[in-house]
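Q: What follows is a single structure, and I will ask about it in a moment.
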Amino acid sequence: MALSGGAERGSHSMDKSITLPPDEIFRNLENAKRFAIDIGGSLTKLAYYSTVQHKVAKVRSFDHSAKETDGDPLYEISVQEEITARLHFIKFENAYIETCLDFIKDHLVNTETKVIKATGGGAYKFKDLIEKKLKLKVDKEDEMTCLIKGCNFVLKNIPHEAFVYAKHADSEFRFQNTHPDIFPYLLINIGSGVSIVKVEAEDKFERIGGSSIGGGTFWGLGALLTKTKRFDELLQLASKGQHTNVDMLVKDIYGGAYGSLGLTGDLIASSFGKSATTDKEFSKEDMAKSLLHMISNDIGQLACLYAKLHNLTRVYFGGFFIRGHPVTMHTITYSINFFTKGEVQALFLRHEGYLGAIGAFLKGAEEDNPNQYSWGENYAGSSGLMSVSPELNPVQRARSGTFDMLEMDRLERQLVNLPLLQDPTSYIPDTVDLTEDALAREYWLYCFEEALDGVVKRAIASQKDQPEAAERAEKFRQKYRHKLQTLRHQPFAYGSLTVRSLLDTREHCLNEFNFPDPYSKIKQKENDMALKYYLKVVKSVEELSWEQRQYTLVKGLLAGNVFDWGAKAVSDVLESDPEFGFEQAKQQLQERPWLVDAYNHWIDRLKGPPHKCALFFVDNSGIDIILGVFPFVRELLIRGTEVVLASNSGPALNDVTNSELQILTERIAAMDPVIHTALKEDRLALVQNGSSSPCLDLSRLDKVLATVVRERGTDLVIIEGMGRAIHTNYYAMLSCESLKLAVIKNSWLAERLGGKIFSVVFKYEVPSKAQGQH
């Protein structure tokens, strides 16, 4: 976000005409509760906690004791205010510090804090200014402790925090999935000098080594050699230089490789070695490049030796030397790769610049320990990772006058791994990484842009009684369109770009403008409709022979899955033909053999003993859950299998939420003794999954669900729907049997998988270990 008015670099005589778009940057300041600040050599990072009031759609059951009439809806939807916690982190140049402090001072109303936690070298320098402006006492925290605390926090709460840098690949950033078990790791902080810290647990770390040859050395020697005083300019010079003009290579000494020692000819034998024997002048670019290699290789070798000595494979790099500079990330990556022969990867962090501020904030917030909660990045309020490739941005990192933001929302539930993942460390939820697949990226970005008008219309319709809804919906449109444009240019802004992250960003933007549940009325209507047919469907199934019954139940499950307002092909039909129903949907389905067809294998399994407990991740409201899922679940219960239905904690599209499902299940139980008895005997349980996404990340599930899964000895997982079984989890390996089933309601995706629209995926998988046990 650029500021109007220019500031002289490095001078603190600010042009007072600078106007901040403050509500865009320091958001929700009037509800800020607690502050921390990290002031470095050139950038200030501010952290605060605020309480956000936003609307949530609550569903509750009517009192059904009164005489029911047919036209009554099943439940009522009320929109209530809910207060949630949010963390804000803002990064700006030190030149703006006074303007920013003034702005904060004018907007602080509800804060009860008397102190501001501070860290970083500049905390001394600006101590008096902060105390004078904000009337808060500056409480200084240890820099290293803050750094580690911040690092633990982002690794635990942001799944795509860490990345590997690959300069010549299609996508320069390759994100790693971080898993809840983040320890032990090595943190190499390259500031003026180098600190090497081994982190073993939340509060257990030690500085095991370091070096005085670090970023300050590159800067200082570089300034002496090139007469360039600015760090960014030095890197710019280095990126254009040829180090071989200055460095002595192995082949310069031996005429080629030194075979018996296994040294290739291109290896640097002596940094700056040519300058002693050559009379010619060397270019600034070449000297800067040589110096960069010298220092990076030195740090890389140190890092490797410490990693080997302490037997650590996860090595994260940070500090101002790295901070998103492609040139230094590349040389460090190259050096680590060389010295460990590829065994250790150099990892970098997406929010590396914020770690100190996050840590200082956490130190000040220990009494209501933020670490006991799970937090999620709010895509609507975070600026994401910017590309800093010199080629893309001729004004190399023209950071002056821009503000970066990160926002984290506190989640109601603590999130953990599904205990049934075969190997949590290698689990990747998403099927296609759009960061790496340019064709798919183009298609899906186009798709989401095309769908935007429909989403806006739906949002307004869901709040017909509110005159300003149209204006909010318009703001939503602008914000989401802006996000899509950003992602077109920098797909890696929020980690790996996937269909899931596009859907989640859309949900975050809708919530931002108070559209918590645009599909609530549609879901209500469809649930009411489907309930009327429930008994009819169950009766017709009961009359069939066993084989036919199983097939009809699976077909019903698939037909139900057609009713998805998230798929354009379907919403078009549903908009134009309200009569389109369960039977019509069955007609749409592909005939067997299906695109992926493990049906016979599944039937053979059903002829064996019943499963102990099935965990079923459900999808859409209406026909899907009532006429598709319930009859199928009923059959499992009759077989003697317990069933846990896992549904979303919060709304997304027309997916059924846990509170809606509670009411639907009560209504079905009132009609159907099988369901009634199963509920009473606790053989049918409803548990929320901790998510408000149309997709499913099995490494971030409600802790309660994980406990239920463990206690009940779950031995079958069923995942239904395009979002949960195709866009995510298609390749997920579980340690028990699993069914993944969906109807492909998007012709582009169907073609890509080798089928046509309404193709069926019915995947039944048995882990190889489990096969030996039967």
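Q: Of all residues in the stretch 370-399, count the ones that are modelled with pLDDT under 85, open to solvent by 60 Å² or more (accessible area, probe 1.4 Å) and not in a helix (DSSP H, G or I).
A: So the count comes out to 5.
Q: Related question: Please go through the stretch 462-483 and give me each residue that is out of contact with any helix residue (DSSP H, G or I) (no Cβ under 6 Å at 6 or more places or on another chain) and free of Cβ contacts under 8 Å to residues at least 24 places away in the same chain, ordered by number.
A: Once the filter is applied, which keeps residues that are out of contact with any helix residue (DSSP H, G or I) (no Cβ under 6 Å at 6 or more places or on another chain) and free of Cβ contacts under 8 Å to residues at least 24 places away in the same chain, the stretch 462-483 yields Lys464, Asp465, Gln466, Pro467, Glu468, Glu471, Glu474, Gln478, His482.
Q: Working carefully through the options Val656, Val644, find the one that is among the β-branched types (Val, Ile, Thr), open to solvent by less than 10 Å² (accessible area, probe 1.4 Å) and closer than 21 Å to Val743 by Cβ.
A: From the options Val656, Val644, the qualifying one is Val656.
Q: Could you grab me the full set of residues in the stretch 191-205 that are farther than 23 Å from Leu302 by Cα and open to solvent by 70 Å² or more (accessible area, probe 1.4 Å)?
A: The one that is farther than 23 Å from Leu302 by Cα and open to solvent by 70 Å² or more (accessible area, probe 1.4 Å): Asp203.
Q: Just one of Ile208, Ile188 is open to solvent by 30 Å² or more (accessible area, probe 1.4 Å), touching a residue at least 40 places away in the same chain (Cβ under 8 Å) and over 24 Å from Lys284 (Cα atoms); which is it?
A: The conditions single out Ile208.
To keep it simple, each residue is scored yes or no on (1) over 26 Å from Tyr730 (Cβ atoms); (2) among the hydroxyl-bearing types (Ser, Thr, Tyr).
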position: Phe403; (1), (2): yes, no
position: Leu415; (1), (2): no, no
position: Tyr446; (1), (2): no, yes
position: Ala451; (1), (2): no, no
position: Glu468; (1), (2): yes, no
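Q: Out of Leu349, Leu292, report the one residue that is among the aliphatic types (A, V, I, L, M), under 23 Å from Glu206 (Cβ atoms) and touching a Leu at 6+ places or on another chain (Cβ under 9 Å).
A: Of the residues listed, the single one that is among the aliphatic types (A, V, I, L, M), under 23 Å from Glu206 (Cβ atoms) and touching a Leu at 6+ places or on another chain (Cβ under 9 Å) is Leu349.
Q: Applying the selection to the stretch 589-604, what residues are part of a helix (DSSP H, G or I), in contact with a strand residue (DSSP E or B) (Cβ under 8 Å, 6 or more places away or on another chain) and open to solvent by 40 Å² or more (accessible area, probe 1.4 Å)?
A: Listed by number, the list holds a single entry, His601.
Q: Hey, among Gly628, Gly581, Gly622, which residue is under 29 Å from Val59 (Cα atoms) and surrounded by fewer than 22 Cβ atoms within 10 Å (Cβ to Cβ)?
A: Gly581
Q: Being closer than 30 Å to Val154 by Cα, open to solvent by 40 Å² or more (accessible area, probe 1.4 Å), touching a helix residue (DSSP H, G or I) at 6+ places or on another chain (Cβ under 9 Å) and not small (Gly, Ala, Ser): is that true of Arg441 here?
A: Taking the combined requirement at face value, the residue satisfies it.
Q: Then there's this: Conditions: (1) over 18 Å from Leu237 (Cα atoms); (2) among the hydroxyl-bearing types (Ser, Thr, Tyr); (3) out of contact with any Phe, Trp or Tyr (no Cβ under 8 Å at 6 or more places or on another chain); (4) surrounded by 21 or more Cβ atoms within 10 Å (Cβ to Cβ). Thr340 meets all but one. Number of the miss?
A: Going through (1) over 18 Å from Leu237 (Cα atoms); (2) among the hydroxyl-bearing types (Ser, Thr, Tyr); (3) out of contact with any Phe, Trp or Tyr (no Cβ under 8 Å at 6 or more places or on another chain); (4) surrounded by 21 or more Cβ atoms within 10 Å (Cβ to Cβ) one by one, Thr340 breaks only (4).
Q: Given the residues Phe403, Phe317, which is the only one that is touching a helix residue (DSSP H, G or I) at 6+ places or on another chain (Cβ under 7 Å), of a type in the set (Phe, Trp, Tyr), open to solvent by less than 20 Å² (accessible area, probe 1.4 Å) and modelled with pLDDT under 90?
A: Only one candidate qualifies: Phe403.
Q: Return the residues of the stretch 521-542 that are open to solvent by less than 10 Å² (accessible area, probe 1.4 Å) and over 19 Å from Pro631 (Cα atoms); say none if nothing qualifies.
A: Answer for the stretch 521-542, where residues must be open to solvent by less than 10 Å² (accessible area, probe 1.4 Å) and over 19 Å from Pro631 (Cα atoms): just Lys523.
Q: Please list, ordered by first then second residue, the pairs with beta carbon atoms under 9 Å, 6 or more apart or interchain, first in the stretch 148-160 and under 23 Å from Thr498 (Cβ atoms), second among the acidic types (Asp, Glu) and at pLDDT 95 or above.
A: Pro159/Asp697
Q: Quick check on the stretch 463-486: of everything there that is assigned to a helix (DSSP H, G or I) and charged (D, E, K, R), which residue is surrounded by the most Cβ atoms within 10 Å (Cβ to Cβ)?
A: Here the residue is Lys483.
Q: Do the conditions hold for Tyr48, that is, is it at pLDDT 80 or above and under 26 Å from Gly356 (Cβ atoms)?
A: So Tyr48 fits the description; yes.
Q: Okay, moving on. Keeping to the stretch 543-578, report how many residues are assigned to a helix (DSSP H, G or I), open to solvent by 30 Å² or more (accessible area, probe 1.4 Å), modelled with pLDDT of 75 or more and more than 20 Å from Met529 (Cα to Cα).
A: Number satisfying all stated conditions: 7.
Listed here are the residues, each with its yes/no results for (1) out of contact with any Gly (no Cβ under 6 Å at 6 or more places or on another chain); (2) closer than 20 Å to Cys613 by Cα; (3) among the β-branched types (Val, Ile, Thr).
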{"residue": "Glu642", "(1), (2), (3)": "yes, yes, no"}
{"residue": "Leu679", "(1), (2), (3)": "yes, yes, no"}
{"residue": "Arg683", "(1), (2), (3)": "yes, yes, no"}
{"residue": "Arg700", "(1), (2), (3)": "yes, no, no"}
{"residue": "Thr707", "(1), (2), (3)": "yes, yes, yes"}
{"residue": "Leu716", "(1), (2), (3)": "yes, yes, no"}
{"residue": "Glu720", "(1), (2), (3)": "yes, yes, no"}
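One line per residue, one yes/no per condition, for (1) touching a residue at least 60 places away in the same chain (Cβ under 8 Å); (2) in contact with a Cys (Cβ under 6 Å, 6 or more places away or on another chain); (3) under 27 Å from Gly356 (Cβ atoms); (4) among the hydrophobic types (A, V, I, L, M, F, W, C):
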residue: Ser260; (1), (2), (3), (4): no, no, no, no
residue: Ala269; (1), (2), (3), (4): no, no, no, yes
residue: Glu285; (1), (2), (3), (4): no, no, no, no
residue: Ser296; (1), (2), (3), (4): no, no, yes, no
residue: Val315; (1), (2), (3), (4): yes, no, yes, yes
residue: Phe320; (1), (2), (3), (4): yes, no, yes, yes
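Q: Quick one: which helices (runs of 4 or more DSSP H) lie wholly within the stretch 679-774 and hold at least 1 residues that are under 19 Å from Arg500 (Cβ atoms) and open to solvent by 60 Å² or more (accessible area, probe 1.4 Å)?
A: Qualifying helices (runs of 4 or more DSSP H): 747-752.
Q: Please count how many residues of the stretch 80-93 are open to solvent by 10 Å² or more (accessible area, probe 1.4 Å) and either closer than 16 Å to Lys133 by Cβ or in contact (Cβ under 8 Å) with a residue 60 or more places away in the chain (or both).
A: Number satisfying all stated conditions: 4.
Q: So, in the stretch 436-460, exactly how many residues are part of a helix (DSSP H, G or I), hydrophobic (A, V, I, L, M, F, W, C) and touching a residue at least 40 places away in the same chain (Cβ under 8 Å)?
A: 8
Q: Of the residues in the stretch 113-132, how many are open to solvent by 30 Å² or more (accessible area, probe 1.4 Å) and either assigned to a loop (DSSP other than H, G, I, E, B) or touching a Leu at 6+ places or on another chain (Cβ under 8 Å) (or both)?
A: 4
Q: Could you tell me whether any residue of the stretch 508-521 is assigned to a helix (DSSP H, G or I), free of Cβ contacts under 8 Å to residues at least 40 places away in the same chain and at negative phi?
A: So far as the stretch 508-521 goes, no, none of its residues is assigned to a helix (DSSP H, G or I), free of Cβ contacts under 8 Å to residues at least 40 places away in the same chain and at negative phi.
Q: Hey, another quick one. Within the stretch 217-225, does at least one residue satisfy the condition of being open to solvent by less than 70 Å² (accessible area, probe 1.4 Å) and part of a loop (DSSP other than H, G, I, E, B)?
A: no
The values are calculated or read from the model by the stated rules, or taken from the named source; none is laboratory data. Here the structure is a predicted model, which is why all the values come from computation and not from measurement. As a convention, Cβ positions derive from the backbone with ideal geometry for all residues, glycine included, and neighbour counts pool all protein chains shown. Keep in mind that these areas ignore ligands, DNA and RNA; they rest on the heavy atoms of the full protein, side chains included. Shrake-Rupley method; radii C 1.70, N 1.55, O 1.52, S 1.80 Å.
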